[in-house]
1. Quick one: angle between helix 159-169 and the longest Cα principal axis of the chain, in degrees between 0 and 90, rounded to 10, please.
2. Average projected area of the Cα convex hull of region 21-174, in nm²?
3. Tell me the carbon and sulfur percent of the accessible area for the chain, rounded to whole percent, probe radius 1.4 Å.
4. Sequence-distant or interchain residues sharing an amide H contact under 5 Å with SER153, placed H: which?
5. Using +1 on the beta carbon of Lys and Arg, -1 on that of Asp and Glu, and nothing else charged, what's the dipole of the chain about the Cα centre, debye to 20?
6. By the gyration tensor of its Cα atoms, with a ≥ b ≥ c the square roots of the eigenvalues, what is the shape of region 74-115: rounded for a/c under 1.5, prolate for a/b over b/c, or oblate?
7. Give me the net charge for the shell around ILE150: Cβ to Cβ below 11 angstrom, other residues only, Lys and Arg +1, Asp and Glu -1.
8. Mind listing which GluC sites (Glu not before Pro) in region 125-219 are in a DSSP loop and have 13 or fewer other Cβ atoms within 10 Å?
Amino acid sequence: MKLKCLVLGCGKMASAITIAKSQKEKTIEFYCYTPSKTSAKILAEKIHGKVMDDLSSLNSFDLILVACKPQQFAELAEQINHKIASHTIVVSIMAGVRVEQVISSLATPKVVRIMPNTPIAIAKGVNLVYFSQDLSIQDRELVHSFFQDIATSFDVSNQDEFDRLTPIVGSGPALLYYFFNGYIQHLIQNGIEANLAHNIVTSVFAASAHFAHQADRPMEQLISDVTSKAGITFAALNVFEQKDLNKLISQSYQAAYHRNHELNLK
Ligand SMILES: NC(=O)c1ccc[n+]([C@@H]2O[C@H](COP(=O)([O-])OP(=O)(O)OC[C@H]3O[C@@H](n4cnc5c(N)ncnc54)[C@H](OP(=O)(O)O)[C@@H]3O)[C@@H](O)[C@H]2O)c1
């Protein structure tokens, strides 16, 4: 039987998820909705889906992906609350919005909170997953199987842990790109051609991340494997140490964590 999936909000993240999924699996029936219908039409075309003209009838969906911004959710919830069938699984990817809030705003019991990230666009996402208690084992399997070929999923047992990991999973790609870009811009300013700078930096970081992921050695060991006393790497790392880069990283993490908390309270 074909899975019927309604996509509410068709921006960057919904597109990344559904385009990747539609490339892996052709049998899902996607329905797309945004208030203006413009992005819904664009996405529907890419995933061979249909555009939903209105949200009056939601009975037939197996999955509903809530992918609007947290601050747009109240308006959406007003339109669809009490209309979702009790068997339908609602997958919310909204940052900072707790499962209880989605359950009460939509008046539906089966809600999964997921924190995805943009590498899902190339089927290499990393998801945090938190299930509300009303999801059966079969429901959980359905959610896992939806994501399994486009992301590695980590189930977390409570939302405090979910919130602590969100700044890494959701924002992590942008944090690393910021770092990459610092090196790319520096190389360009020092005469390296832009494409070469981009390709070298992303290749080195991609290979290093892959290596670190596979190696069964702690990060400190991996660092020291590259660092000889008074050598080139030592000189570079010394500047990080002097400027206390780790403190900056902690402060940046805390800022993201607090923002997530503020979104929780809205
Ligand atoms: N971007 C990321 O890296 C990332 C990572 C993890 C989680 N998330 C979460 O993913 C969600 C979407 O983020 P995004 O970056 O994809 O944002 P986005 O590109 O701005 O997409 C938001 C979408 O929601 C639509 N929308 C607005 N009001 C709506 C309503 N009342 N009902 C239904 N749809 C509505 C917008 O329509 P229009 O196109 O017409 O404006 C747009 O298509 C957010 O909750 C965010 O926290 C994002």
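The values are calculated or read from the model by the stated rules, or taken from the named source; none is laboratory data. In this text, all values refer to a predicted model and were calculated from it rather than measured experimentally. Methodologically, a virtual Cβ is constructed for each residue, glycine included, from the backbone with ideal geometry; neighbour enumeration extends over all protein chains shown. Just the protein is used for accessible areas: all its heavy atoms, side chains included, with ligands, DNA and RNA removed. Shrake-Rupley method; radii C 1.70, N 1.55, O 1.52, S 1.80 Å.
1. 50 degrees
2. Details: hull surface 34.8 nm².
One quarter of the hull surface, i.e. the mean projection, equals 8.7 nm².
3. 57 percent
4. Placed amide hydrogens put ASN127 under 5 Å from SER153.
5. The calculated dipole for the chain is roughly 460 debye.
6. On the way: a/c = 1.93, a/b = 1.23, b/c = 1.56.
Oblate, since a/c reaches 1.5 and b/c is not below a/b.
7. Spelling it out: positives minus negatives among the neighbours equals +1.
8. GLU193
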